[in-house]
1. Let me confirm something: among Asp59, Asp45, which residue is within 15 Å of Val190 (Cα to Cα) and acidic (Asp, Glu)?
2. Scanning region 173-187 for residues that are open to solvent by 10 Å² or more (accessible area, probe 1.4 Å) and part of a helix (DSSP H, G or I), which turns out nearest to Phe303 (Cα to Cα)?
3. Out of Leu134, Leu142, Leu111, which single residue is open to solvent by 10 Å² or more (accessible area, probe 1.4 Å) and under 19 Å from the mean Cα position of the chain (by Cα)?
4. Looking only at region 291-308, decide whether some residue is open to solvent by 30 Å² or more (accessible area, probe 1.4 Å), over 19 Å from the mean Cα position of the chain (by Cα) and modelled with pLDDT of 85 or more.
5. For Phe230, only one of the following conditions fails: (1) in contact (Cβ under 8 Å) with a residue 24 or more places away in the chain; (2) assigned to a loop (DSSP other than H, G, I, E, B); (3) open to solvent by 20 Å² or more (accessible area, probe 1.4 Å). What is its number?
6. What single numbered condition from (1) buried (at least 17 other Cβ atoms within 10 Å of the Cβ); (2) of a type in the set (D, E, K, R); (3) more than 28 Å from Ser482 (Cα to Cα) fails to hold for Asp373?
7. Thr72 - would you say it is farther than 27 Å from Pro318 by Cβ, in a helix (DSSP H, G or I), among the polar types (S, T, N, Q) and in contact (Cβ under 8 Å) with a residue 40 or more places away in the chain?
8. Just a yes or no: is a residue in region 104-112 assigned to a helix (DSSP H, G or I), over 27 Å from Leu32 (Cα atoms) and touching a helix residue (DSSP H, G or I) at 6+ places or on another chain (Cβ under 9 Å)?
Amino acid sequence: MSQPQIAPDQPPIEPAKGPAEGARSSHRWWILGVIGIAQLMVVLDATIVNIALPSAQGDLGFSDGDRQWVVTSYALAFGSLLLLGGRIADLFGIKVTFLTGLVGFAAASALGGAASSFEVLVTARALQGVFGALLAPAALSLLTTTFTDAKERAKAFSVYGAIAGAGGAIGLLLGGVLTEQLNWRWTLYVNLIFAAVAFIGGAALLARTGRVAGATLDVPGTVLVSAGLFGLVYGFANAESHDWGHPGTWGCLTAGVVLLAAFGWWQTRSAHPLLPLRVLLERDRGASFVAVLLSGVGLFGVFLFLTYYLQMSLGYSPIETGLAFLPMIGGLMVSAALVGTVLLPRLGPRVLVSAGMGLGAAGLAWLTVLDLDSGYAADVMPPTIVAGLGIGLVIAPAMNLATAGVRPEDAGVASATVNTMQQVGGSIGTAVLNTLAAGAANDFMRGKDPTDPMVRAQAGLESYSTAFWWSAAFFVAGMVASFLLYRRGVPEAASASGPPSVHL
C-alpha cells in the first residue's frame with residue numbers, strides 16, 4: 001500500500017490499515033452492500049417504530065404523554081453520543097466498532113421487541129441509540145476509507161446518499177407492512193435480520209483494523225459535547241411535548257448552547273481535540289455539514305406532515321401511506337445516482353446542492369395546495385417526486401465532500417459529525433415544525449366550533465400547509481448557504497481525474 005499524502009509541515013502519519021485491505025480488493029462492492037444494510041437499519045429505525053406506536057401503546061398501556069419517549073429516548077442517546085462513537089472507531093478500530101455496534105443494536109432491538117412494559121421498551125430504544133452512535137459513524141468511515149478512487153467514491157456515495165435520504169420513507173413503508181401483517185413488535189425484531197446479514201458480511205469481508213495512529217480520547221471535550229448535544233436534543237423534544245416557555249425547554253436549550261460553546265473553546269486548547277477545528281474549517285466540508293443540517297430539517301417536513309395528511313385527511317392505511325412515498329424514493333435514487341456518476345465531476349457541489357435545495361423548496365411549496373379533495377396521482381405524487389429529486393442532489397454530494405480528504409485519524413469523528421448534523425436537524429424539525437403547525441391549527445380554530453368535523457379537518461390542512469411552507473423556507477436557507485459557502489467549480493475530491501481523497 002502507498003503512504004498517505006502529507007503536507008511538508010505535517011508530522012508523519014502512520015498508515016491506517018484499510019478496512020477492506022485496501023480499496024483495490026474486488027470485495028469493496030460487497031463491502032458497500034454491508035455498509036448499506038447497516039446504514040439502512042439505523043436510518044429507518046427513526047421512522048419504522050412511529051407507525052407502530054399506537055399498537056404498542058394499546059398493548060403496553062402507556063399514556064399519550066409517555067408515548068413521545070419511545071422516540072425521544074432513541075434520539076437523545078443517538079444524538080448526544082455520535083461524536084464519542086466516531087472517536088471510539090478511531091481508538092479501537094473501525095471493524096471492531098462496526099461489528100460491536102451491529103451486535104448491540106440487534107440485542108437492544110430484541111429487548112424492545114420482547115418488552116412487557118413501557119419502561120423496558122424505552123430502555124431498549126435508548127440502548128438502540130447508544131449502539132447506533134457506534135454503528136453510524138463506523139459505517140461512514142468504512143465507506144470513506146474503502147473507496148479512495150474518485151470515480152468509485154462518487155458511485156459509492158451515491159448509493160449511501162440514496163439510503164440516507166430514503167431510509168425514513170422506507171421505514172414508514174416497512175413499519176406499515178409489519179404492523180398490519182404481523183404486529184408492532186416486528187418493527188423491532190426486523191433489525192435482527194438486517195444486523196445478522198451485515199455482521200456476517202462484515203466479519204467475512206472486512207480486514208481487521210487497529211488503532212489509528214495519533215488517535216486519543218479527549219475526555220473533557222467528550223463530556224462537554226455529549227452533554228451539550230443532550231441538552232439541545234432534549235430541549236427540542238421538550239418543546240414538542242410542552243412549549244417553548246417551559247423551563248425544561250429553554251433551560252436545556254440554553255445549557256446545550258453554553259456547553260457546546262465551551263466545547264468549541266476547549267477544542268482550541270486541547271492537545272488532542274475530539275473534533276479538531278481543521279475538520280470543520282475546510283470550506284467545502286463545512287458547507288456540507290450545513291447542507292446536511294438544513295436539509296435534515298426540511299426533510300422532516302416531508303415525512304412527518306405528509307404522513308399526517310395522507311392518514312388523517314385522506315384516510316390512507318399505514319401500508320398505503322408507505323407506498324405513497326415510493327415515487328419520491330425513486331426520484332431521490334435517480335438523482336443521487338446521476339450526481340455521483342455524471343453531475344458532480346462536471347458541475348461541482350455549489351451548483352448541484354444549491355439546485356437540489358431549490359427543488360426541495362419547490363416540492364414543499366407545491367404540497368401547500370393540498371386539500372381534502374386532492375388526488376394522489378395528480379396532486380400528491382408530482383411534488384413528492386420533485387422533492388425527492390432535490391434531496392438526492394443534496395445528500396449524495398454533501399456526504400461525499402463532508403468526509404473527502406480527511407486525515408485517517410479524523411475519519412471517525414468527521415463521519416460522526418455528518419450524522420450529528422442530520423440528527424440535530426431532525427430534532428430541530430420535530431420541535432419547530434410541530435410547534436408552528438399546532439399554532440396554525442389553533443389560530444384557525446379560534447372562534448369556530450371545535451366539535452365540527454369539517455372545521456377540525458380544515459384546521460389540520462392549515463397546520464400541514466404551515467409546516468410545508470416552513471420546511472420550504474429551510475430548503476431556501478440551505479440553497480442560499482450552499483451557494484455562498486461552497487467553492488466554485490469542481491473540487492479535487494469530486495473530480496474523476498483528481499487524486500484519491502485518502503490513500504491507503
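1. Only one candidate qualifies: Asp45.
2. Filtering first and then ranking leaves Leu173.
3. Leu134
4. Checked region 291-308: no residue is open to solvent by 30 Å² or more (accessible area, probe 1.4 Å), over 19 Å from the mean Cα position of the chain (by Cα) and modelled with pLDDT of 85 or more.
5. (2)
6. Single failed check for Asp373: (1).
7. For Thr72, the condition - farther than 27 Å from Pro318 by Cβ, in a helix (DSSP H, G or I), among the polar types (S, T, N, Q) and in contact (Cβ under 8 Å) with a residue 40 or more places away in the chain - is not met.
8. Going through region 104-112, the residues assigned to a helix (DSSP H, G or I) turn out to be 104-112.
In the following step, the residues that additionally are over 27 Å from Leu32 (Cα atoms) were identified as 111-112.
Okay, now just the ones that are also touching a helix residue (DSSP H, G or I) at 6+ places or on another chain (Cβ under 9 Å), so 111-112.
Looking for residues that are assigned to a helix (DSSP H, G or I), over 27 Å from Leu32 (Cα atoms) and touching a helix residue (DSSP H, G or I) at 6+ places or on another chain (Cβ under 9 Å), one finds at least one in region 104-112, hence yes.
The values are calculated or read from the model by the stated rules, or taken from the named source; none is laboratory data. If you're wondering where the values come from, they're calculated on a predicted model, not measured in any experiment. A quick note on method: Cβ atoms are made from the backbone with ideal geometry, for glycine too, and the neighbour counts reach across all protein chains shown. Heads up: the accessible areas ignore ligands, DNA and RNA and are worked out on the full protein's heavy atoms, side chains in. Shrake-Rupley method; radii C 1.70, N 1.55, O 1.52, S 1.80 Å.
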